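Read through the structure below, which is laid out as structure tokens, and then see the notes.
The values are calculated or read from the model by the stated rules, or taken from the named source; none is laboratory data. All figures in this text were calculated on a predicted structure; none of them were measured in a lab. Using ideal geometry, Cβ is built from the backbone for each residue, glycine included, and neighbour counts are taken over all protein chains shown. When the accessible area is computed, the model is the full protein with side chains, heavy atoms only, and any ligands, DNA or RNA have been set aside. Shrake-Rupley method; radii C 1.70, N 1.55, O 1.52, S 1.80 Å.
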Amino acid sequence: MTDLDERIISTLREHAEGQVDISRLTSGAVARGRTRRMRRRAAVGGTAFGVVTVLGLGVAGGGGLPVRVPWTGAKPATQAATPAAAPGVPGALTRPDLVGKDPGLLHFGFDPAHARYLGWRSADGLESAQLDLGGAAPVSFSLARSAGVAEEVHLEGDRYVPAVMIPPYDGQLTQFSLDVADSDPIWVLRWQPVPGLFARLRTVAPTDAALQAARSALRLDVAHRCSAPMRLTAMPAGAWNAGCEVTVANLPAALDVSLVVNGSGFRSMEVRLRSPHSIVGDRPEPNATAAGRPVYVYPKGETMELLDIPKAQVTAGWGRPNEGFTEEDAATVLGGVQVAEHLDRPATW
């Protein structure tokens, strides 16, 4: 086997009892462990069984916070969300050397008349998006300056790059049958838009129609911001913005944002916004402050929640799987958090 998708499927079958519902496993993985996905210090080796562990067990949110709700395949709401344009920033075709260097930018775009964004991400040298093109499952797009990064499996767990030879990015369409009742095949398209730039489209569907539609809608001559309704205006000494991920699949009913802060010595912290707050229950009483703002520090001392954002839950997590930062650092970051007034209006972010 030469493709990572096939290796994962094979390993799943070997370690599962009865039939394996690949779609359900993937969705479950997508609901868990995102806090590890954008860590700067990420494993680039491992085995397929390690991916199975991620798929099977997942990782709960820090401090007792609930895990994310996966995209279920239902059509998103009519509210369209598109990353804001970045005027003056060259697209990937013009400056492929810039791809993956700025977590605030995406050096690509999709024609909104033909593809609906479910989410976008820029971190760890990888720029990516999840798209709805009318099929039962989303189409994922990855863009990077190395085949190894573009080939990452990011199923909400540790980044994983296959230890075997990476399949060629030669423009050939690959199909894999899951040999599971009522399961659609996996379709993967890999190509190099220009030398040194690697693009990957993937979906699970009866045909490759949605994947081909995504390629037709892809624009590599434009750039966008990794638009998010949350800004970090205060940083601990020696820290910087390192990752941006926005999930809008269920907008305006729900929104999920993750911003990663890194620091020297492999320090990492995730700042997360979830809306509406009602999905996580009542707010706790404040037990500390951050730049004069009320916050709640969870009992384990690894998660802090900002309590003055009425329409969303905003937290900073500096415990496992993140590491290196302190409660004081989290207070610095949350003390400077700014949240857009209209979370359900992406054009205002």
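Taking amide H as placed 1.01 Å from N in the peptide plane, the amide H of Ala290 sits under 5 Å from that of Val295, each at least 5 places away or on another chain. Derived scalar couplings between HN and Hα for region 331-340 equal 5, 4, 5, 5, x, x, 5, 10, 10, 4 Hz in order, rounded to whole Hz, by the Karplus curve 6.51 cos²θ - 1.76 cosθ + 1.60 (θ = phi - 60°), x for Gly and Pro. Across region 221-233, rounded Karplus estimates of 3J(HN,Hα) from the backbone phi angles (6.51 cos²θ - 1.76 cosθ + 1.60, θ = phi - 60°) give 9, 10, 9, 9, 7, 7, 4, 8, x, 9, 10, 10, 9 Hz, Gly and Pro being marked x.
In order along region 255-263, the Karplus-derived 3J(HN,Hα) couplings, from 6.51 cos²θ - 1.76 cosθ + 1.60 at θ = phi - 60°, round to 8, 9, 10, 10, 10, 10, 10, 10, x Hz, and Gly and Pro are given as x.
About its Cα centre, the dipole of region 120-261 is roughly 520 debye, where the only charges are +1 on Lys and Arg Cβ and -1 on Asp and Glu Cβ. Computed with a 1.4 Å probe on the full set of protein chains, the accessible area for Thr247 sits at about 40 Å². Close amide-amide hydrogen proximity is noted between Phe110 and Arg219, each under 5 Å apart and 5 or more residues distant or on a separate chain (H modeled in the peptide plane; Pro and chain starts excluded). Under 5 Å from the amide H of Ser227 lie the amide H atoms of Ala84, each residue being 5 or more positions distant or on a separate chain, with H modelled from the backbone and absent for Pro and chain starts.
Working ranking of peptides 102-115, 182-195 by packing, defined as the average number of other Cβ atoms within 10 Å per residue, highest first, is 102-115, 182-195.
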